[in-house]
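First up is the structure itself, then whatever we jot down about it.
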Amino acid sequence: MKRRLFLLFFVCSILSFAQIEEKKLDELIQNTLKTFEVPGMSVGIIKDGKTVYSKGFGVASLTTKKSMNDETLVGIASNSKGFTATALAILADEGKLNWDDKVTKFIPEFQMYDPYVTREITVKDLITHRAGLGLGQGDLMFFPEGGTQTIKDIVHNVRYLKPEHSFRNTMDYNNIMFIVAGEVITRISGLSWADFIEQKIMKPVGMNSSFGSYNRAKAASVQNIIDAHAPADGKVIQVPHDWNQTANAAGGIVSNIKDMLIWAEFLNNNFTTKDGKKLVSDKQIQQLWQIQQPSTVALKNPYDTQNYGYGLGWFISDVKGHKQVQHSGGLIGTVTHFTLIPDMKLGIVVLTNQQSGAAFSTITNTVKDAYLGIADRNWLKTYGERMAKMNADFEKDKKEVFEKATAFQKSKNCTVTADQITGLYNDPWFGNVEISQNGKGYRIASKTSPRLKGDLLPYSPNTFIAKWDDRSYDADAFVILNYDENGKAQTMKMKPISDITDFSFDFEDLDFQKVK
């Protein structure tokens, strides 16, 4: 999931394989790894029912140095959303739900912030990013990994998320509603989301190496699985490859190129398995792959796209006159991309173990261009130059913020005392955060997200910087305190210091009150 960057590559991603030599694609992938400092990548292409490319490059882990191949498992993250939507379509075909059924039919205790939305929100609304919540709003309930909130907690806490948009008016990418959709599947079927996906979809389709969740892959002691990697203080390092089980329906699946190509062929073959079993009716496919919530598209874009938006679990658009079905996925330390052009019977899959959207966009766009008959546009150069400039700008901005903090700490205005700011602060949906004194400095730590902890650095008379211990997050945030007439903090707001921060660190949506 990086904040503005990731959205950029959601939209910008769009080859006949005979038009690109295997050797040239091999070289492009190798150069892409170097340009964006990605330790490992696997790439697959399926055309007209045949796998025409399936390879891995680089290493699955900087620690073990084990090579990455097309059987190396990777967390596909938000590419899991297409499975959630397919599961709901199967239940619809079985007559167990209708897309326009109210969510409260299946989860009676479910509430949104607005009582009207609570009454009206449907199953379809859950998986079209149009419930009124903002980009990534609420994601801190499960992100980063290691949080303590359960699915029950998340379903309950949605009622505290004050919407950023009118209901059904705006598409703004959101994971929390998919978690609720996963709970709908569980309430109807009696199966956990991961059990349903494995038993009702993966097994019939033939995805025999995949798992419905990371913890299941870990429990199976699989050896051929990536370690995740992320930039931290200017160097790519290994970070935990994990995923909070509460968010499986939004991004929990672990898979590899071979299985993802099987998935692509199943979808391109009208949701029909290799043994001829059709898992989803045409009526439901029309729902899945039709734009349900439109979004704007640039007047001038690389693929002459006229229509763009979200279907049910996939982004839908047109590229050079062809319908495109695609999605990206991102965890801390890994990003993936999945593209179909159904009328061309084309599927392109890119899995990586570093969080560079520019890397998967370089490969996807180059392959796609070849199949669309477009001359080589040197996407590697385009994205390489763009990211170099963007990263330089981000680093400059962050440096200036910390320089200002250092200067303030040396000034006479830096007079904060422990009794002014230390204590427990509560946000109704995120839980408690504690500010404590640590020697001459201060610390901030979340109670419900234990990995979210760090130093609290004075920045201005009422503002601090939360400098997280885990430097791979790249999510340092302003902590803005509001004082009472006695100079003691009563409320607290937060926001990232840089736009490079992943949108799932939705600090802006927090509203803390001091409780102790």
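The values are calculated or read from the model by the stated rules, or taken from the named source; none is laboratory data. Computed from a prediction, not measured in an experiment: that's the story for all the values here. We place every Cβ from the backbone using ideal geometry, glycine too, and count neighbours over all the protein chains shown.
Details
- Residue within region 248-266 that is touching an Asp or Glu at 6+ places or on another chain (Cβ under 6 Å), crowded, with 24+ Cβ neighbours inside 10 Å and among the small types (Gly, Ala, Ser) present: no
- Annotation note: Cβ proximity below 7 Å between a residue of region 169-180 that is within 18 Å of residue 157 (Cα to Cα) and a residue that is of a type in the set (Lys, Arg) and not in a loop (DSSP other than H, G, I, E, B) (sequence gap 6+ or interchain) occurs for 178/81.
- Failed item, numbered, when residue 124 is tested on (1) at pLDDT 95 or above; (2) touching a strand residue (DSSP E or B) at 6+ places or on another chain (Cβ under 7 Å); (3) assigned to a helix (DSSP H, G or I): (2)
- Extreme residue, surrounded by the fewest Cβ atoms within 10 Å (Cβ to Cβ), among residues of region 110-134 that are closer than 23 Å to residue 432 by Cβ and over 17 Å from the mean Cα position of the chain (by Cα): 113
- Answer residue from region 342-361, given it is surrounded by fewer than 24 Cβ atoms within 10 Å (Cβ to Cβ) and outside any loop (DSSP other than H, G, I, E, B) and is nearest to the chain's Cα centre (by Cα) among those: 342
- Residue match in region 362-385 (condition: of a type in the set (A, V, I, L, M, F, W, C), assigned to a strand (DSSP E or B) and over 26 Å from the mean Cα position of the chain (by Cα)): no
- Residue 137 in contact with a helix residue (DSSP H, G or I) (Cβ under 6 Å, 6 or more places away or on another chain), among the polar types (S, T, N, Q), surrounded by fewer than 23 Cβ atoms within 10 Å (Cβ to Cβ) and over 25 Å from residue 263 (Cβ atoms): no
- Of the residues making up region 424-448, those that are buried (at least 16 other Cβ atoms within 10 Å of the Cβ) and of a type outside the set (D, E, K, R) are 425, 426, 429, 430, 431, 433, 435, 442, 444, 445, 446, 448.
- Within the option set 305, 336, being at pLDDT 95 or above and crowded, with 23+ Cβ neighbours inside 10 Å holds for one residue only, 336.
- The test for being at pLDDT below 95, part of a loop (DSSP other than H, G, I, E, B) and not assigned by TED's automatic domain parsing to the domain that holds residue 228 does not hold for residue 163.
- Leading residue by the ranking (modelled with the highest pLDDT) among those in region 1-60 that are of a type in the set (D, E, K, R) and under 14 Å from residue 335 (Cβ atoms): 37
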